Amino acid sequence: MQIANIVYKDEARVAVRRDGNWAVLPSEWNHTSLRTTDDFIRWPGSSLSQAAVMDMAAPLPEGGCTWRPAVIHPEKIFCIGLNYRRHAQESGLALPDSPVVFSKFSNTLAAHQEPVPLPPASSQIDYEVELAIVIGQQARNLSVAEALQCVWGYTIANDVSARDLQMKTSQWLLGKSCDKFLPLGPAIASADEIPDPDSLDIALWLNGESRQHSNTRDMIFSCAEIVSYLSRVWTLQPGDVICTGTPEGVILGRPLDKRDWLKAGDEVRLTIEGLGEQTTRFVAPDVSAS
Ligand code: ZN
């Protein structure tokens with residue numbers, strides 16, 4: 001099953017998809033709000049069978065909705081840096097001995113098809129297609145063998161990066177957490193649809209030109225290793241998002257004279273096997289004061 005946040009008839013709602021059909025859930029069930037995927041993941045009824053959930057939903061007319069970010073209120077957004085062997089090589093950096101962990105704030109969340117304004121503070125904006133893990137249950141101190149049991153599902157992330165801001169100091173936060181720098185979605189596929197997250201084709205196109213094309217099996221740390229590692233430091237909560245790193249092909253990895261940083265009008269299309277397709281158009285900086 002897939003779940004997504006949408007605006008439907010001017011209301012925030014959750015869409016569900018099974019066997020190719022999208023449907024919209026009621027906004028509450030037994031006095032519990034079901035307006036976001038985060039609500040749904042935390043809702044005790046989410047353990048109902050997928051057929052029972054689909055029975056609660058009404059058919060969604062084609063083109064009758066606007067997408068929202070795949071998760072709305074994550075407590076934590078983790079990112080793993082340099083997690084693909086060939087991306088570490090193109091960055092000229094040694095393969096890490098343990099996962100490189102950084103974070104983005106929730107101001108970075110953006111939806112599939114939502115325009116992303118280029119931040120005026122940067123002139124070196126880059127893309128990063130990534131497999132994102134969405135946590136389904138509170139969990140800590142998980143072994144690698146049990147780690148994926150707490151995962152609700154997977155979605156597509158673009159870890160948009162302002163390289164000049166990122167490289168200004170040893171801490172990457174500045175360049176990673178600009179407004180709308182994490183288009184996420186369109187939908188979250190439940191873990192049963194993605195039995196092996198460490199073997200998925202992953203790709204990105206810039207204005208129709210293939211730029212990143214790899215497979216998650218090039219990851220240095222597997223999804224289970226990443227979840228286990230983080231769970232030994234933090235209590236993971238339902239709705240937490242973990243971006244697992246990007247493969248080679250980012251603009252930063254190109255020769256100096258071929259670094260065509262993103263500009264207004266550029267469009268990126270991201271795909272991950274089993275998770276569909278995400279598109280984002282970058283637009284001129286928003287320089288208004290509020
Ligand atoms: Zn990244």
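Values computed for the structure shown
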item	result
Full-stretch length increase - Leu174, Ala284 - with 0.36 nm per residue and alpha-carbon distance subtracted	37.6 nm
Protein accessible area in the range 178-284, 1.4 Å probe - carbon and sulfur %	49 percent
Inter-probe distance in nm under a simple model that places probes 7 Å from Cα toward Cβ, at His73 and Arg140	2.2 nm
Separation between Cα centres of the range 106-181 and the range 218-237, rounded to whole Å	15 Å
Heavy-atom accessible area per residue - the range 1-126, 1.4 Å, Å²	48 Å²
Unpartnered cysteines - no second Cys beta carbon under 4.7 Å - across the chain	Cys65, Cys150, Cys178, Cys223
Residue range of the chain that is longest and free of trypsin sites (Lys or Arg not before Pro) which are both DSSP loop and sparsely packed (at most 15 other C-beta within 10 Å)	10-139
Carbon/sulfur fraction of accessible area - the range 2-67, other protein chains in place, 1.4 Å, %	46 percent
Cβ-placed point charges (K, R +1; D, E -1), dipole of the chain about Cα centre in debye, nearest 20	540 debye
Gain in span if fully extended, Asn21 to Asp192, counting 0.36 nm per residue against the direct Cα distance	59.8 nm
Neighbour net charge for Cys150 - beta-carbon separation under 12 angstrom, K R +1, D E -1	-1
Chymotrypsin sites (Phe, Trp or Tyr not before Pro) within the range 1-45, DSSP loop, no more than 10 other Cβ atoms inside 10 Å	none
Residue of Glu128, Glu248, Glu75 that the Gaussian network model of the chain assigns the largest fluctuation, springs spanning Cα pairs under 10 Å	Glu75
1.4 Å probe accessible area per residue over the range 175-275, in Å²	37 Å²
Top of Phe181, Phe102, Phe221 by mean-square fluctuation, Gaussian network on the chain, Cα under 10 Å	Phe102
Alpha-carbon centroid distance for the pair the range 251-285 / the range 1-76, whole angstrom	29 Å
Gaussian network model of the chain, Cα within-10 Å springs - most flexible of Gly20, Gly265, Gly249	Gly20
Of Lys168/Lys263; Lys104/Lys263; Lys9/Lys176, pairs whose Cα-Cα distance is over 30 Å	Lys9/Lys176
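The values are calculated or read from the model by the stated rules, or taken from the named source; none is laboratory data. These figures come from a predicted structure and were not determined experimentally. Glycine gets a Cβ as well: all are built from the backbone with ideal geometry, and neighbour counts include every protein chain shown. Heads up: the accessible areas ignore ligands, DNA and RNA and are worked out on the full protein's heavy atoms, side chains in. Shrake-Rupley method; radii C 1.70, N 1.55, O 1.52, S 1.80 Å.
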